[in-house]
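These notes concern the structure reproduced below.
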Amino acid sequence: MSVQHDAVQRADFDQFMVPNYAPAAFVPVRGLGSRVWDQSGRELIDFAGGIAVNVLGHCHPALVAALTKQANTLWHISNVFTNEPTLRLGKKLVEATFAERVFFCNSGAEANEAAFKLARRVAHDRFGPEKHEIIAATNSFHGRTLFTVSVGGQPKYSDGFGPKIQGITHVPYNDLEALKAAISDKTCAVVLEPVQGEGGVLPAEKAYLQGARELCNAHNALLVFDEVQSGMGRTGELFAYMNYGVVPDILSSAKSLGGGFPIAAMLTTTDLAKHFSPGTHGTTYGGNPLACAVGEAVLDIVNTRQTLDGVKTKSEQFKTRLLALGKQYGLFEQVRGMGLLLGCVLNEAWMGKAKQVLDAATAEGLMILQAGPDVVRFAPSLVVEDADIDEGLARFERALSKLTAA
């Protein structure tokens, strides 16, 4: 039985949807690999990856097969029961990381919410209610729930919603002395992104993360790494902490974990996980069989040396070409980030104009991102083909050429 769909267009968004987004003028309808087609049939190269989500591009055959197989088997059963895809993916994540226990949920915000609640619960149980303070970095981003947006260090996202969650302090990123001055025996957790994503694609310095680990140890605080954007192979290792040799107590993952299907996870140790006894925390859809089946397929492909080493090779291709284009057209001199999470930092003459660069790229058939007003962000598929890299960067060059000629 076929389902007849009503014809829709971009104008329907303005008529029917809550206006908290301002989507592009075109509507994508199909994707394959690193290519996307809109309603008019126009083809675009995708270097945005659904905001670092489509880790294996669009409609990867292994993910389609996993989803289709599971869709014909079991969709949802709730956490009154467990299920095989959940157990398989949980086991594989434990085997591949520092973690001994996994909590599945649906989004990065949910994973961070669980991480922050667990950190406070552990401190409450072990040291009492006074030990509840959380230290995070300015310009960080941890989600859109009231708790996570309060921990995120960007007032533009947290102001205007009434009283904020208390006991949260923000310190400058990569400033170990500031962290040292802020931490105390009332601190339950220090929350950091190994690579700040929304905050400008800014990697942490190794000494900073090492120092944060030592400070947490000294003050009986937990070190929480938000790897929602940097995880699942994005930096050339399965998780970014592996590049630094600094192990967190709690780690959040989402975005690329499902390759486009909504899933997230909080990873931690057995000793900490026991503080989430039955009934203390939960989610209706977390550990959904469909999501975990897809997540397992993603992990099996991403967590191989072939894929991870390929990320490092492709990263150098992007950096070399982007630096040359930045120099040629005078927009940026710095390309920072790790692996295939890269940011072109606009120079003084172009500061505040990242959206203009994004729009110019879109006009040339290239999908990219911004990370604040001053950084143009690239988060392509980890298996993007060389031909797509070449064509996408050629389109980016045409965009820069037209921008600078105007």
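May I ask you to list the residues in region 287-327 that are open to solvent by 10 Å² or more (accessible area, probe 1.4 Å) and either of a type in the set (Ser, Thr, Tyr) or without any contact (Cβ under 8 Å) to a residue 40 or more places away in the chain (or both)?
Thr304, Arg305, Gln306, Thr307, Thr313, Glu316, Lys319, Thr320, Leu323, Ala324, Lys327
When you scan region 223-256, how many residues do you find that are closer than 18 Å to Cys105 by Cα and either over 14 Å from the mean Cα position of the chain (by Cα) or without any contact (Cβ under 8 Å) to a residue 60 or more places away in the chain (or both)?
Residues that pass the stated criteria total 5.
Out of (1) under 27 Å from Ala62 (Cα atoms); (2) surrounded by 22 or more Cβ atoms within 10 Å (Cβ to Cβ), the odd one out for Val357 is which?
(1)
Given the conditions (1) under 30 Å from Lys69 (Cβ atoms); (2) open to solvent by 20 Å² or more (accessible area, probe 1.4 Å), report the number of the one that Phe276 does not fulfil.
Among (1) under 30 Å from Lys69 (Cβ atoms); (2) open to solvent by 20 Å² or more (accessible area, probe 1.4 Å), Phe276 violates only (1).
When region 287-311 is examined, which residues are found to be more than 18 Å from the chain's Cα centre (by Cα) and not in a helix (DSSP H, G or I)?
If the condition is that a residue be more than 18 Å from the chain's Cα centre (by Cα) and not in a helix (DSSP H, G or I), then Gly287, Asn288, Thr304 are the ones that fit.
Of all the strands (runs of 3 or more DSSP E) wholly in region 139-237, which have at least 3 residues that are at negative phi, out of contact with any Asp or Glu (no Cβ under 6 Å at 6 or more places or on another chain) and among the aliphatic types (A, V, I, L, M)?
Output list reads 187-192.
Scanning region 340-354 for residues that are within 20 Å of the chain's Cα centre (by Cα) and outside any strand (DSSP E or B), which turns out surrounded by the fewest Cβ atoms within 10 Å (Cβ to Cβ)? Before the answer, list the steps.
The first filter runs over region 340-354 and keeps only residues within 20 Å of the chain's Cα centre (by Cα), leaving 340-345, 354.
With outside any strand (DSSP E or B) added as a condition, the list becomes 340, 354.
Values: Leu340: 27, Ala354: 25.
Among residues in region 340-354 that are within 20 Å of the chain's Cα centre (by Cα) and outside any strand (DSSP E or B), the one surrounded by the fewest Cβ atoms within 10 Å (Cβ to Cβ) is Ala354.
Which members of region 238-260 meet the condition of being assigned to a helix (DSSP H, G or I) and hydrophobic (A, V, I, L, M, F, W, C)? Before you say what the answer is, go through the steps one by one.
Going residue by residue through region 238-260, those that are assigned to a helix (DSSP H, G or I) are 241-244, 255-258.
Scanning region 238-260 gives Met242, Leu257.
Which members of region 128-159 meet the condition of being over 23 Å from Ser107 (Cα atoms) and loosely packed, with under 15 Cβ neighbours inside 10 Å? If you could, list the steps in order and put the result at the bottom.
Going residue by residue through region 128-159, those that are over 23 Å from Ser107 (Cα atoms) are 128-133.
Gly128, Pro129, Glu130, listed by residue number.
Name the strands (runs of 3 or more DSSP E) wholly within region 31-115 that hold at least 2 residues that are of a type outside the set (Phe, Trp, Tyr), more than 27 Å from Pro380 (Cβ to Cβ) and open to solvent by less than 40 Å² (accessible area, probe 1.4 Å)?
Numbers: elements: 35-38, 43-46, 101-105.
Of the strands (runs of 3 or more DSSP E) lying wholly inside region 31-115, none has at least 2 residues that are of a type outside the set (Phe, Trp, Tyr), more than 27 Å from Pro380 (Cβ to Cβ) and open to solvent by less than 40 Å² (accessible area, probe 1.4 Å).
Here is a yes/no grid of residues against (1) surrounded by fewer than 24 Cβ atoms within 10 Å (Cβ to Cβ); (2) touching a Cys at 6+ places or on another chain (Cβ under 9 Å):
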{"residue": "Tyr173", "(1), (2)": "yes, no"}
{"residue": "Leu179", "(1), (2)": "yes, no"}
{"residue": "Val191", "(1), (2)": "no, no"}
{"residue": "Val201", "(1), (2)": "no, yes"}
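The values are calculated or read from the model by the stated rules, or taken from the named source; none is laboratory data. Everything numeric in this text was worked out from a predicted model, so none of it was measured. Don't worry about glycine lacking a Cβ; one is built from the backbone with ideal geometry, like all the others, and counts go over all protein chains shown. Note: areas computed on protein heavy atoms with side chains; ligands, DNA, RNA excluded. Shrake-Rupley method; radii C 1.70, N 1.55, O 1.52, S 1.80 Å.
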